[in-house]
Amino acid sequence: MAPTHSKLNGTELIHGDNQSHAPGSEVAPSISVSTTFRASRPKEGGNLTDAQVDFRNPSQHVYSRYTQQVSTRAEHILSRINHGYAITYASGLAACYAALFSYHPKRIAIQEGYHGCHMSIELYKKSRGEELEVIDLDDEYKPGDLCWLETPLNPTGESKDIQYYANKIHDVGGKLVIDSTFGPPPLQYPFKWGADCIMHSGTKYFGGHSDMLCGVLVVKTVDEWKQLHHNRTYMGNMMGSLEAWLLLRSLRTLHLRIPRQSTNATQLVSWLSKVASTPIGQVYDGVPGGLVTRVWHSSLQGKDSRGFDPSKQMEGGWNATFSILFNKPEYAVHFPHTLKYFVPATSLGGVESLIEHRRQSDPNADPRLIRLSIGIEDVDDLKADLRQGLQELKKVKLASRDGS
């Protein structure tokens, strides 16, 4: 059964950041451009050596490396919708590195997923000055291990069983980090299934407009948040002022964008899976069979051998980013450039639909693989665009045969 969109409270997204309601206060928050703020008079507080300073709810700001108004407001909203304590970073990979630094694992269990996180792990290994083993998710775990689980998985959009890996890593006293970039609220809530920390590349769905970089970590306790904040202050990987403002703006419409993107993607996946199952020599809905050979998506998985049902974990709808496989690499190279509404570009999660020959960003990707990020356009227009693009691809193939 397909999941239904669980409610993401629009009221919290718009009013959940402790903004002032005093007469004359601004409705749209200003961009905070100041790096430093006027100090308090003696005995009025604001001393950063005071252990009682609450950086989650600052009574005043001192220096933007610690806090500033807009990023603090955005973190309050992210905390509410992710059911934990959220802290922002300059990028998704900055958040990834911050998590590795915080947990200081003896070994890291990881499998597939975003190549950028794998590269971040390689850099972290160098910084350790000691041997750090990377093992497979399905290897045996030991005390001191960190399980890094990405679900849904980049680039295919397939779901992994969070509860299974939570139980496995917790049995040896380790921690589980979930990269939930492909499954933002309201689609998925990893804390419900045993995650210890949630990571998001906020560049993607939280930002939602392809115009900012952001990373997010969400933890379960305020003490964990305080440690992450301390680390961030002296690692210097906080968001810039403009990016914080763009993030706060974008979060206001998250509850409108994500369900629309999810619904659009689910309909297109259903259609493309029928295209992929059409044999060579036959036609489905105007598309020749044999061009597309496979479609990956959480909605196509069903229960696995352990009984994992992705629809329960993806309670608010299916992911809006997924992949298809062409019969030949040449098709994958040409296809993004046959389309009108899909922009041939990397990244994902924006209001516009994007399409990418994944090999151009990830050298380890199958050269026949295409990743699609579905936006909020009219789904019939997107389907028609894919249809004409696939038809055009067939012409390219025939023209090649003719030598023209």
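The values are calculated or read from the model by the stated rules, or taken from the named source; none is laboratory data. Keep in mind that what you see is a predicted model, and the values were worked out from it rather than measured. For neighbour counting, all protein chains shown are included, and Cβ atoms are generated from backbone atoms with ideal geometry for every residue, glycine included. Calculation scope for accessible area: heavy atoms of the full protein, side chains included, ligands and nucleic acids excluded. Shrake-Rupley method; radii C 1.70, N 1.55, O 1.52, S 1.80 Å.
Can you confirm whether Thr233 is of a type in the set (Val, Ile, Thr) and within 18 Å of Arg65 (Cβ to Cβ)? Judged against the criteria, Thr233 is a match.
Residues in segment 317-324 include none that are in a helix (DSSP H, G or I) and modelled with pLDDT of 95 or more. Each residue in segment 161-194 was checked for being outside any loop (DSSP other than H, G, I, E, B), of a type in the set (A, V, I, L, M) and either closer than 24 Å to Leu348 by Cα or in contact with a Ser or Thr (Cβ under 9 Å, 6 or more places away or on another chain) (or both), and 3 of them qualify.
Could you please let me know if Thr203 is out of contact with any Leu (no Cβ under 7 Å at 6 or more places or on another chain), buried (at least 20 other Cβ atoms within 10 Å of the Cβ) and not small (Gly, Ala, Ser)? Can you show your working first?
Working: out of contact with any Leu (no Cβ under 7 Å at 6 or more places or on another chain): no; buried (at least 20 other Cβ atoms within 10 Å of the Cβ): yes; not small (Gly, Ala, Ser): yes.
Against the criterion (out of contact with any Leu (no Cβ under 7 Å at 6 or more places or on another chain), buried (at least 20 other Cβ atoms within 10 Å of the Cβ) and not small (Gly, Ala, Ser)), Thr203 does not qualify.
A Cβ distance below 6 Å, combined with a sequence gap of six or more or placement on separate chains, defines the contacts here; from segment 123-134, residues that are assigned by the TED database to the domain that holds Asp145 reach no residue that is open to solvent by 70 Å² or more (accessible area, probe 1.4 Å). Just to be sure, is Ser361 surrounded by 21 or more Cβ atoms within 10 Å (Cβ to Cβ) and either modelled with pLDDT under 95 or among the small types (Gly, Ala, Ser) (or both)? No, not satisfied. For segment 151-162, the set of residues classified as in contact with a strand residue (DSSP E or B) (Cβ under 7 Å, 6 or more places away or on another chain) and either exposed (fewer than 14 other Cβ atoms within 10 Å of the Cβ) or under 15 Å from Gln301 (Cβ atoms) (or both) consists of Thr151, Thr156, Gly157, Glu158, Lys160, Ile162, listed by residue number.
Going through segment 368-388 one residue at a time, which ones are touching a residue at least 24 places away in the same chain (Cβ under 8 Å), in a loop (DSSP other than H, G, I, E, B) and not β-branched (Val, Ile, Thr)? Step through it out loud before you land on a result.
First pass over segment 368-388, keeping only residues touching a residue at least 24 places away in the same chain (Cβ under 8 Å): 368-377, 379, 381-383, 385-388.
Subset that is in a loop (DSSP other than H, G, I, E, B): 368, 374-377.
If the condition is that a residue be touching a residue at least 24 places away in the same chain (Cβ under 8 Å), in a loop (DSSP other than H, G, I, E, B) and not β-branched (Val, Ile, Thr), then Arg368, Gly375, Glu377 are the ones that fit.
Within segment 124-149, being surrounded by fewer than 22 Cβ atoms within 10 Å (Cβ to Cβ) and closer than 30 Å to Ser311 by Cβ holds for Ile135, Asp136, Leu137, Asp138, Asp139, Glu140, Tyr141. On inspection, His209 qualifies as open to solvent by 20 Å² or more (accessible area, probe 1.4 Å), at pLDDT 95 or above and part of a loop (DSSP other than H, G, I, E, B). Just a yes or no: is a residue in segment 188-197 touching a helix residue (DSSP H, G or I) at 6+ places or on another chain (Cβ under 6 Å) and surrounded by fewer than 22 Cβ atoms within 10 Å (Cβ to Cβ)? Yes: one or more hits. Which of the residues belonging to segment 329-345 are open to solvent by 40 Å² or more (accessible area, probe 1.4 Å) and among the hydroxyl-bearing types (Ser, Thr, Tyr)? Passing the criteria: only Tyr341.
Can you confirm whether segment 254-264 contains a residue that is in contact with a strand residue (DSSP E or B) (Cβ under 7 Å, 6 or more places away or on another chain), on the phi < 0 side of the Ramachandran plot, open to solvent by 50 Å² or more (accessible area, probe 1.4 Å) and of a type in the set (D, E, K, R)?
no
For segment 302-316, the criterion of being open to solvent by less than 30 Å² (accessible area, probe 1.4 Å), more than 17 Å from Ala384 (Cα to Cα), in contact with a His (Cβ under 6 Å, 6 or more places away or on another chain) and among the small types (Gly, Ala, Ser) is met by at least one residue. In this structure, Tyr114 does not satisfy being surrounded by fewer than 23 Cβ atoms within 10 Å (Cβ to Cβ), touching a residue at least 60 places away in the same chain (Cβ under 8 Å) and within 16 Å of Phe308 (Cβ to Cβ). Residue pairs whose Cβ atoms lie under 8 Å apart, separated by 6 or more positions or on different chains, with the first residue in segment 295-312 and over 17 Å from Glu150 (Cα atoms) and the second open to solvent by less than 40 Å² (accessible area, probe 1.4 Å) and of a type in the set (Gly, Ala, Ser), are Val295/Ser273; Val295/Ala276; Val295/Ser323; Leu300/Ser273.
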